[in-house]
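See structure below.
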Amino acid sequence: MASDAERGLSLLMPWLRSSTNMGRDEMRPSNLLDTVEHLEAVAFVPPRQRYTDAGELAKQIAEFAYESGIPQTALERLLNLLTRNNSLDQGTTTILIKNLYPSERIASKLITQVVCCLGPTKNKPSPATQALLLRWLILVYEFIDDRSHLSKLYAVLFNHLDMISLRKPLCHILSYITRRKHVKPFRIQALMELIGTSGGDDRELISLLRVFKNYHPDVIVGNTGMKGLFFKHPDPEWTTHARQIQETNLERTQGNGSNSFQVVHRGLAKRSKVQTVVPEVQTSRVNQNRTSLEELRSVTHFVERLDKIELPNQIISTITHDFAQKYLFLVQPEIADRRLNDWLQAFLSEHLESARDFDDGVETLGYVLNLVVGYAQYTKNIPEAFLTFLRSYLPIWNGFENRQLILELLEYLPIRDHDSLRSEILAPLETALLEDTASSKASLLDFYSGLIRQWGIKLRTESFDIEQSQRLSALILHAELLASSVLESPVQQPSDTSGDYRSSTLSVLGFYFTLADLFSHAHTNGNIKLTVPLAPSVYTLIFSPVSFVISSMNSILCSYKSSFELSMNSETLQSKDPLWTQKLVPQFNGYIMDVCNLVWRNRALNSEDPNALGCLIPPATIAALTQYLREVNDKARKKSRESAFSYTVGSLYSLSHHAALCNMSACCFSDIEKENDVGETQPRLRKPVTQRALSALEKEGGIQMTWQDYRVRMLDWMDAAGSVGIANLMRTTMKALRKE
């Protein structure tokens with residue numbers, strides 16, 4: 001077999017013959033790959049047998065690299081050369097390694113190749129070269145395509161700490177990649193033995209031990225006089241230049257044309273440490289008849305090339321760009337879904353282990369969660385990898401870290417059997433969130449509102465499925481019980497520092513508005529089964545001393561009423577469950593009649609009228625309230641018979657007497673008097689408006705107005721003030737008002 005020298009000479013002879021009469025400048029190769037090929041040919045030839053100066057070739061490669069960077073192919077060939085025992089002198093090797101500026105992200109296999117060249121055997125490069133290669137890994141750490149790959153090589157790196165020539169860069173790299181899972185008792189022991197052997201003053205080893213102590217507080221470092229970590233970046237200027245080369249290369253690949261629709265890369269220098277977890281969109285090796293996402297210039301171009309778009313190198317990068325998400329949503333390639341879930345699974349498994357160890361990583365997880373929430377909001381689906389992660393993460397979650405993001409993501413849970421969904425997701429979620437406070441229950445109710453909204457949107461576009469309908473109904477019932485519990489909880493006062501305070505009652509109203517909107521589609525789809533609100537929730541909100549709450553509840557009941565009327569005439573719904581009207585309509589009519597008796601008919605708490613439930617107030621309570629009002633009236637008459645006002649149970653919650661509406665009634669009647677130019681000398685109404693008070697005012701020479709006209713005017717006044725709920729319900733319920 002021919003020796004390495006003979007093979008090298010045979011490759012060089014044609015080139016040497018053609019260049020015998022040329023000067024050295026004329027012999028310079030025209031591009032980087034040619035130069036790398038020439039260097040490969042002479043690298044294993046002894047210096048005395050060469051016809052070419054390997055040092056000059058190294059300088060030429062260094063010039064190419066400094067100007068434009070080294071592409072992946074050339075970098076792989078150079079590392080293949082440098083990680084083997086060759087005949088290049090140390091000066092030439094140093095020039096090459098110090099100028100390995102990558103123009104692209106560095107593949108994991110190249111990292112493996114560098115790590116595998118470590119060691120004292122004769123087939124491996126010199127210790128000085130190995131140290132330079134480790135220093136290069138530190139310099140290019142932020143450009144590694146998958147930095148978690150270094151973590152997989154942790155044992156290999158750690159086992160070479162006994163090589164003094166490699167100790168400093170090895171400790172530096174290990175400090176980057178050490179996580180709790182790497183800190184084992186045998187490694188702590190080995191590290192302390194190395195420190196003892198070195199006399200206890202090896203700063204690199206002590207700094208690495210300090211890193212171990214962060215994960216294992218029982219480690220005793222002792223007083224070494226050192227503050228913080230010893231490691232510093234070996235050459236910030238080198239990394240900055242490499243970053244500029246990569247940024248320039250990215251700009252070159254995406255072209256000069258720019259458009260609001262185009263994917264724009266902001267460059268590595270402008271991304272935070274957390275943002276670098278998810279790589280930017282970049283596509284390599286695009287075939288001639290294919291198009292990368294970076295090359296698309298407009299909507300028209302996107303539509304034309306839709307079936308010829310090449311997936312990016314890292315599919316996870318698509319969740320950072322709305323445009324890339326549009327492509328995945330429209331095309332839905334299976335391979336993209338698998339790749340996305342594979343990346344997420346690898347990322348989340350590491351963070352799940354960190355969460356179990358109470359490790360850091362909350363900010364990084366929050367960043368990825370935020371991106372996945374945007375992805376779920378666009379696709380209306382949660383990636384399967386995240387569902388798997390949440391099943392394991394929620395039982396150990398503290399309920400505070402990334403709470404809002406987790407709740408927003410869970411709104412897109414798939415429709416599943418309530419029992420299994422509750423055991424895997426909902427029960428651990430409630431355990432983590434719920435405290436004995438109304439605010440914690442309200443936060444959970446907001447989540448259920450969003451989940452019910454998403455399920456309803458899905459089901460109303462699908463054909464009838466009794467199982468799906470029952471799953472939605474079970475979820476609604478569970479959420480209604482929670483809403484009732486929220487209203488029963490003591491009211492919390494907002495603290496001075498809580499800028500995000502929100503009344504728990506608003507959460508309950510928002511929940512019922514969500515149901516009202518959902519049920520407005522019930523008459524067109526059998527999947528949406530009508531329910532009625534729980535009686536305690538209805539009456540608690542109706543008896544509220546806040547006009548907004550009363551108006552909102554009346555609006556909700558009005559929407560429910562419209563849904564019932566449409567559904568009763570719907571052939572679709574009647575054919576699915578013909579008995580549903582017999583179960584729900586009487587109960588709902590009872591709510592409507594009670595509200596009308598309270599606000600409009602002055603027959604509050606009456607249960608004798610058809611359908612009336614008397615607000616489910618026990619007779620003993622009504623009797624006690626009646627006796628109390630009788631005593632109040634008697635005391636008022638004793639003080640001043642002329643100005644005394646008589647209260648009755650029936651009118652206690654009417655438009656002019658209700659604690660939440662009486663001021664509005666007074667303002668309304670004052671406006672009426674102003675419109676009728678009632679002078680200062682004319683009699684004015686000084687009491688709550690009643691039929692008897694209006695008759696007395698008219699006899700005294702005051703304004704003339706019937707009781708019915710006043711009530712209609714009061715509804716119009718509330719409409720103008722934005723409180724439309726009561727007016728809408730009364731006008732759709734009371735026959736006399738339908739003609740107004």
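The values are calculated or read from the model by the stated rules, or taken from the named source; none is laboratory data. Keep in mind the model is a prediction, meaning the values are calculated, not measured. Note: ideal-geometry Cβ built from the backbone for every residue, glycine included; neighbour counts use all protein chains shown. Ligands, DNA and RNA are stripped out before the accessible areas are found, and what is left, the full protein with its side chains, is counted by its heavy atoms. Shrake-Rupley method; radii C 1.70, N 1.55, O 1.52, S 1.80 Å.
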For the stretch 619-737, with the dipole built from +1 on Lys and Arg beta-carbon atoms and -1 on Asp and Glu ones, taken about the Cα centre, which of Ala636, Leu661, Asn728 lies farthest toward the positive end? Ala636
Under a Cβ-only charge scheme (Lys and Arg +1, Asp and Glu -1), can you give me the dipole magnitude of the stretch 587-685 about the Cα centre, in debye to the nearest 20? 460
For the stretch 619-737, size of Cβ-based charge dipole, Lys and Arg +1, Asp and Glu -1, in debye: 580
Taking the stretch 622-677, which GluC sites (Glu not before Pro) meet the DSSP loop condition and have no more than 15 other C-beta atoms within 10 Å? Glu642
May I ask which of Lys122/Lys181; Lys98/Lys232; Lys98/Lys122 have a Cα-Cα span longer than 29 Å here? Lys122/Lys181
Accessible surface, the stretch 32-215, averaged per residue in Å² (probe 1.4 Å): 42
Note down the nm distance, to one decimal, between modelled labels 7 Å out along Cα→Cβ at Arg713 and at Ser473. 4.9
Spelling out what I want: for every residue of the stretch 173-181, take phi, set θ = phi - 60°, compute 6.51 cos²θ - 1.76 cosθ + 1.60 (Karplus), and round to whole Hz; glycine and proline get x. 5, 4, 5, 5, 9, 5, 10, 4, 5
For Asn289 and Glu63 in one chain, what is 0.36 nm times their gap in residues minus the Cα-Cα distance, to one decimal in nm? 78.0 nm
Okay, which of the stretch 76-99 sit inside 17 Å, backbone N to the point 7 Å along the Cα-Cβ direction of Lys109? 76-84
In the stretch 288-412, how does Rg compare with the Kirkwood Rh, expressed as the Rg/Rh ratio over alpha carbon atoms? 1.03
Which of the chymotrypsin sites (Phe, Trp or Tyr not before Pro) found in the stretch 39-123 are loop residues per DSSP with 16 or fewer other Cβ atoms within 10 Å of their Cβ? Tyr51
Rounded if a/c is under 1.5, else prolate if a/b beats b/c, else oblate: with a ≥ b ≥ c from the C-alpha gyration tensor eigenvalues square-rooted, which is the stretch 619-737? oblate
Charges at C-beta only: +1 for Lys and Arg, -1 for Asp and Glu. How large is the resulting dipole of the stretch 32-215 about its Cα centre, in Debye rounded to 20? 940
Putting +1 on Lys and Arg Cβ atoms and -1 on Asp and Glu Cβ atoms, find which of Leu150, Leu96, Leu208 reaches farthest to the positive end of the dipole of the stretch 32-215. Leu208
Other residues with Cβ under 12 Å from the Cβ of Ile106 give, with Lys and Arg +1 and Asp and Glu -1, a net charge of -2
Extension reserve of the Gln627-Ala155 stretch, reckoned as 0.36 nm per residue once the Cα distance is removed: 161.5 nm
